[in-house]
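Worksheet: the structure to be examined is printed underneath.
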Amino acid sequence: MASIVRDKRKPALDARSIIKDVSREMADPLRRALGKRILTLGGLALLSGCSLTDERSVDAMLRNISRFNDRMQGWLFDPRRLAPTYSEAMITRPFPFNAFYDIDDVPQIDGATYKLEVRGLISGKTQWTLAELRMLPQMSQITRHICIEGWSAIGRWDGIPFSQFLARTGADMSAKYVAFECADNYSTSIDMPTALHPQTLLTLGYDGQTLPPKYGFPMKLRMPTKLGYKNPKHIVAISVTNTYPGGYWENQGYNWFGGS
């Protein structure tokens, strides 16, 4: 076997660029083309004993890359670094609707009877009505929503800084995860540093109005540091936990950290 000669004159690969490329490709774990692309990039060493004709082997390889991606994104994440913000004139109108179902299937929730449940490692209030949530200090942000499908849009989101909400519930800020259950049977989870990020917002409104059902009424978690699928809508329960919670797409192979 011929030896591999490395060109020492070439600069080292940029870790952020690698993570960005891998996270884009890992959007769909069924993309067999990714396995072949890795081979062309000299990734055969990662596939010791793996046949591209064996779907189980390719799936296992892709999941290993996804876990590596999670570790690297978590290591690179800076909880003090802010995502870009924009002016009112740059808002995308109309802001796109996107979900894993058609717009006709958006859940219709009665705000008068709605109660948010907060569970797990907390010592404070466990149920919140919309009226109580609207009495908490609010802020607005105009940020870009980035979808893993390849499009983006800028919107204004109004709501409660999530770190302040967690503090009011007596959440254990040293816990690893915060998980979300939604009225449309969606679920996801995030790391605590992202939950405490100053731009992570428990949104109750959009563009100065009550949050419309198509955007997640009664509430949506808005995180400009995460890809769209990590921003849950129609939230009915929040859990603070040290047990890995997974999520709707994450359990099907999507990258868990999901940084944008």
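Since every read-out is calculated from the coordinates, none of them should be taken as a lab result. Everything numeric in this text was worked out from a predicted model, so none of it was measured. Methodologically, a virtual Cβ is constructed for each residue, glycine included, from the backbone with ideal geometry; neighbour enumeration extends over all protein chains shown.
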Inset, instruction - Above 18 angstrom, tally the Cα pairs of segment 117-180 and express them as a % of all pairs, no decimals. - result: 50 percent
Inset, instruction - Could you order peptides 159-167, 214-222 by the average number of other Cβ atoms within 10 Å of their residues, highest first? - result: 214-222, 159-167
Inset, instruction - For each of 223, 139, count neighbouring Cβ atoms within 10 Å of the residue's Cβ, then give the residues from fewest to most. - result: 139, 223
Inset, instruction - Identify the residues of segment 126-158 with backbone N under 19 Å of a label point that sits 7 angstrom from the Cα of residue 113 along the Cα-to-Cβ direction, or state none. - result: 127-132
Legend entry - Simple spin-label estimate for residue 174 and residue 88 in nanometres, 7 Å along Cα-Cβ: 4.6 nm
Inset, instruction - Multiply the residue gap between residue 242 and residue 152 by 0.36 nm, knock off their C-alpha separation, and tell me the result in nm, one decimal place. - result: 29.2 nm
Inset, instruction - Provide the convex hull volume over Cα atoms per residue for segment 100-224, in Å³. - result: 113 Å³
Legend entry - Mean Cβ neighbour count within 10 Å, used as a protection proxy, ranking 233-242, 94-103 highest first: 233-242, 94-103
